[in-house]
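The values are calculated or read from the model by the stated rules, or taken from the named source; none is laboratory data. Keep in mind the model is a prediction, meaning the values are calculated, not measured. Counting neighbours? That spans all protein chains shown, and the Cβs are built from the backbone with ideal geometry, glycine included.
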Amino acid sequence: MSSKNLLKQVTLEYIQEFKGLNSILLKGEKFGQMKNSVDNFKKRFKQNGEIEAVKTVDLVSAAYPLAFAYAGAAIGINPYVNIVNRLVLVKFLDFNGESKILAWEPTIREGSAKAPFFKQLIKQYGDFLSYKVLTTEYNTLLSAVSKAGIEPEDVDYVSFDHLHVQDLRLLMGTTKPMPGETENRKPFFPNAKFIFQKKEMDTLRSPHPMQWAWYVTECVKDLDEKNLILIDGDVELGRGVALIHTPGHTDGNQSLCVNTPDGIWVSSENGVSLDSYFPEYSKIPGLKSYAKFYLREVILNANTLEDSLDQYDSMVKEKLLADVNKRDPRFKNIQPSSEVGKFYRQWPVIPQFQMGGMNYGKM
C-alpha cells in the first residue's frame, strides 16, 4: 500500500496556519510572517484540548563535538559534550475520539553506532572508551517502553525529529534478512504507523557528502515500508499533539508539539540545551557574548547546517510555540530531543537549566 493511500486511513490533519510560509522568498519577510502564523495556530491548538499523558525515559548518552553543539560559540576544555537521548511516549485522543500512543525518538543504540560519524569515533578511540566512557546506556528501547508501563504492541505511531543516526530496519522491519542474519527483521512496534517528512526520507535515500556522516544510509535497503506514512508540512495527530515542520538542521526536520496541563511543550534537536534558546542567561563561556555581538536570539545545533537561516527561524518558532516553564519563568517548555547533560567532565560547558523530560498523566 502506498504512503498516500495509508495516509487516508489515519486521522492526521494538515495545519492551515503555516501553509504558504515556504512560498515567501524574502527571508526577513518570511521571519515576520512566521511569528504571526504561530500566534494564530497556538490559540486554536490550545482550545482543542490537552493530551492524556506523556512519559519520558532516558535511553543513552553519547559524545558529541562541542563545536557542533553550540555552533562554535562555546569555549571549553573537553572537545566533546555528552547529549542524552530520551524516548518520549505521548497518549492522546485522535480526531475520532480514540486513544492513541505516539513513540517519539525511539532510538536503538546498536543502530546509531552504524552511522559513519560514530563508526569513525569508535575506530579512533576503541571499544572501551567509546562504549564505557563516551557512551552510557541507561535503558534499552524495550526496557524504556516497559518502564513507561506499556508494550511495543500498544504504540500506534512512531516518529523522530529527523533521521540522523537511526537504523530504521531495527524499528520498521525488513523484507529480506539483514547481513549476518537468517530471517527478516520484524517491526519493533508491530502495530505502528511510521510518520516522517518526505524530505527527510529523500535525504536518507540520497545524502549529500556534507550529510553523509550522520545517516545510516544502508538502512533503506530492503526496508519494510508497508506502514510508512510520508507527510509534507505540519500536521496534527489529534487532541493536543502536532508535528511541526521546522527545517534547517535537516530539510525534513520536525518538532513535537504537545499541549499539557502546564501549557505547550516543544521538542526537537534544533538546539541542545536551553542555553541554545536563551543564550542571554547562559553561563557557558562564549555563548552570551557571541549572541550579543551578532544579535542572535538563539544558538544553532550545527553539525550539518543544511540551511542555517531556516534553522534559526525554526528555533524562534519553537520559542514562540512553547509556554513559560513553571520551574523557572526565564525559560520556555522546550525539551531538546538530544539534551546536553550536566556531566562535570565537560566543565565549564554545563547547561544553565536541565529540562530532563516531560511527564504528565498515566500511560
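Do you know which residues across segment 232-255 are more than 24 Å from Phe117 (Cβ to Cβ) and touching a strand residue (DSSP E or B) at 6+ places or on another chain (Cβ under 6 Å)?
Those that are more than 24 Å from Phe117 (Cβ to Cβ) and touching a strand residue (DSSP E or B) at 6+ places or on another chain (Cβ under 6 Å): Gly233, Asp234, Val235, Glu236, Gly238, Arg239, Gly240, Val241, Ala242, Leu243, Ile244, His245.
With respect to Val324, is the statement that it is on the phi < 0 side of the Ramachandran plot and over 15 Å from the mean Cα position of the chain (by Cα) true?
yes
How many of the residues in segment 256-284 are under 20 Å from Ser338 (Cβ atoms), touching an Asp or Glu at 6+ places or on another chain (Cβ under 9 Å), hydroxyl-bearing (Ser, Thr, Tyr) and outside any strand (DSSP E or B)?
Number of matching residues: 3.
Identify the residue in segment 18-64 that is acidic (Asp, Glu) and under 22 Å from the mean Cα position of the chain (by Cα) and, among all such residues, is nearest to His164 (Cα to Cα).
If we take residues in segment 18-64 being acidic (Asp, Glu) and under 22 Å from the mean Cα position of the chain (by Cα), then Asp58 is nearest to His164 (Cα to Cα).
Counting just the residues of segment 335-363 that are under 18 Å from Leu102 (Cβ atoms) and aliphatic (A, V, I, L, M), which one comes out nearest to the chain's Cα centre (by Cα)?
Met358
Hey, does segment 64-71 have a residue that's surrounded by fewer than 20 Cβ atoms within 10 Å (Cβ to Cβ), in a strand (DSSP E or B), in contact (Cβ under 8 Å) with a residue 24 or more places away in the chain and not aromatic (Phe, Trp, Tyr)?
Yes: one or more hits.
Tell me the residue from Gly97, Gly20, Gly32 that is within 21 Å of Thr260 (Cβ to Cβ), without any contact (Cβ under 8 Å) to a residue 12 or more places away in the chain and not polar (S, T, N, Q), please.
Being within 21 Å of Thr260 (Cβ to Cβ), without any contact (Cβ under 8 Å) to a residue 12 or more places away in the chain and not polar (S, T, N, Q) holds for just one of Gly97, Gly20, Gly32, which is Gly97.
Restricting to segment 137-152, name every residue that is buried (at least 23 other Cβ atoms within 10 Å of the Cβ) and at pLDDT below 95.
The answer is none; no residue qualifies.
Being of a type outside the set (Ser, Thr, Tyr) and in a strand (DSSP E or B) is the filter; apply it to segment 153-196 and report the residue that is surrounded by the fewest Cβ atoms within 10 Å (Cβ to Cβ).
Pro177
Could you give every pair whose Cβ atoms fall below 9 Å, whose first residue belongs to segment 311-328 and is over 25 Å from Asn22 (Cα atoms), and whose second residue is in a helix (DSSP H, G or I) and hydrophobic (A, V, I, L, M, F, W, C), counting only separations of at least 6 or pairs across chains?
So the pair list comes out as Asn325/Leu274; Asp328/Leu274.
Can you name the number of the only condition in (1) free of Cβ contacts under 8 Å to residues at least 40 places away in the same chain; (2) under 13 Å from the mean Cα position of the chain (by Cα) that Gly271 fails?
Gly271 satisfies all of (1) free of Cβ contacts under 8 Å to residues at least 40 places away in the same chain; (2) under 13 Å from the mean Cα position of the chain (by Cα) except (1).
Would you check if there is a residue in segment 75-84 being in a loop (DSSP other than H, G, I, E, B), closer than 30 Å to Leu141 by Cα and touching a residue at least 40 places away in the same chain (Cβ under 8 Å)?
yes
State which residue is farthest from Glu151 (Cα to Cα) when the search covers only segment 89-118 and only residues that are aliphatic (A, V, I, L, M) and in a strand (DSSP E or B).
Filtering segment 89-118 for residues aliphatic (A, V, I, L, M) gives 89-90, 93, 101-103, 108, 113, 115.
Restricting the remaining residues to those that are in a strand (DSSP E or B) gives 89-90, 93, 101-103.
Values: Leu89: 11, Val90: 14, Leu93: 19, Ile101: 11, Leu102: 12, Ala103: 11 Å.
Going through the qualifying residues, I end up with Leu93.
So is Glu236 among the acidic types (Asp, Glu) and at pLDDT below 95 or not?
Against the criterion (among the acidic types (Asp, Glu) and at pLDDT below 95), Glu236 does not qualify.
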